[in-house]
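Presented below is the structure to which this report refers.
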Amino acid sequence: MDIFKLDDAIVEKSSSANSVIYRVTDLKQGVKNPNRVNVFINDKYEFSLDLTQVVDYKLKVGKVLSEEELAELRRASEFGKLYQRTLEWVLTRPRSVRETKDYLNKKIFEKKLDAKYIDLIVERLIDKKYLDDRKFAEFYVENRFVKKGVSQKRLRIELMKKGVDKEIIEEVLGGRNDEEEIRKIVKKKRAKYDDEKLIAYLCRQGFSYDLVKSVVAESSD
């Protein structure tokens, strides 16, 4: 059997047919990201995989791959890179599942990748405890307008838009006191607004009119 070079691939010429052999010739740890491994096929860089993928696919120098296996590894590479970018995005602050799916939808569209990656990545992030709607809701309620004050009604609407389940929302908002939130705003806005304008402003923030009127009247004493 004759062996010769053709377009950077090793080709074995047999009497029956020509077939390209794709051989793993090197595996190098990434410089920028040591958790990724650069894969070289026939002495040429092809793609990178994360360490888990290298183990799962049992890659090692000298392993010969079929075209189907090579295509699968390329898809795995795209999945791994997208997962890593999404993980970094999620770690900047708590995110809801819906937020993450919206983020992935945008990335899938930009990169022209397979939409099935969205559910696979979200499932992995949930399994690894990086995504948790309850923790997200608790973080959101605790940090949303901490000093300015915000109504339960407004928080409820915002969390619903983030895709958080109603049951989780009600449990998280259980310890929230609208009267205390109104007092925060009144303290900040009292010098700027008269009673009428202050009441109108607070009602626009989603607070109950009767509660607003009572707290504003109290602050006028």
Restricted to segment 24-55 and to residues being hydrophobic (A, V, I, L, M, F, W, C) and farther than 25 Å from I118 by Cα, the residue surrounded by the fewest Cβ atoms within 10 Å (Cβ to Cβ) is V31
Flagged in segment 177-221 as in a loop (DSSP other than H, G, I, E, B), loosely packed, with under 12 Cβ neighbours inside 10 Å and polar (S, T, N, Q), in numbering order, are N177
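Every residue, every condition in (1) under 9 Å from the mean Cα position of the chain (by Cα); (2) farther than 30 Å from C203 by Cα, yes or no:
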{"site": "R85", "(1), (2)": "yes, yes"}
{"site": "L104", "(1), (2)": "yes, yes"}
{"site": "K107", "(1), (2)": "no, yes"}
{"site": "S151", "(1), (2)": "no, no"}
Selection over segment 56-79 where residues are outside any strand (DSSP E or B) and within 23 Å of D114 (Cα to Cα) yields a count of 16
Note: among F139, F145, just one is out of contact with any strand residue (DSSP E or B) (no Cβ under 6 Å at 6 or more places or on another chain), at pLDDT 90 or above and surrounded by fewer than 19 Cβ atoms within 10 Å (Cβ to Cβ), namely F139
Exactly one of L87, L73, L91 is closer than 20 Å to R36 by Cβ, among the aliphatic types (A, V, I, L, M) and crowded, with 18+ Cβ neighbours inside 10 Å, and that residue is L73
Counted residues in segment 113-127 being exposed (fewer than 15 other Cβ atoms within 10 Å of the Cβ) and either in contact (Cβ under 8 Å) with a residue 12 or more places away in the chain or assigned by TED's automatic domain parsing to the domain that holds V215 (or both) come to 3
Next item on the list: Kindly check whether there is at least one residue in segment 60-67 that is touching a strand residue (DSSP E or B) at 6+ places or on another chain (Cβ under 9 Å), at positive phi and at pLDDT 90 or above.
Entry: yes
Condition met for V39 (touching a strand residue (DSSP E or B) at 6+ places or on another chain (Cβ under 8 Å) and either without any contact (Cβ under 8 Å) to a residue 12 or more places away in the chain or farther than 30 Å from R134 by Cα (or both))
yes
Within segment 56-68, of all residues that are touching a residue at least 40 places away in the same chain (Cβ under 8 Å) and not hydroxyl-bearing (S, T, Y), the one surrounded by the most Cβ atoms within 10 Å (Cβ to Cβ) is L65
By my count, strands (runs of 3 or more DSSP E) wholly in segment 4-49 with at least 1 residues that are modelled with pLDDT of 80 or more are 18-29, 36-41
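The values are calculated or read from the model by the stated rules, or taken from the named source; none is laboratory data. Being a predicted model, the structure only gives us computed values, none of them experimental. Note that each Cβ is placed from the backbone with ideal geometry, even for glycine, and that neighbours are counted across all protein chains shown.
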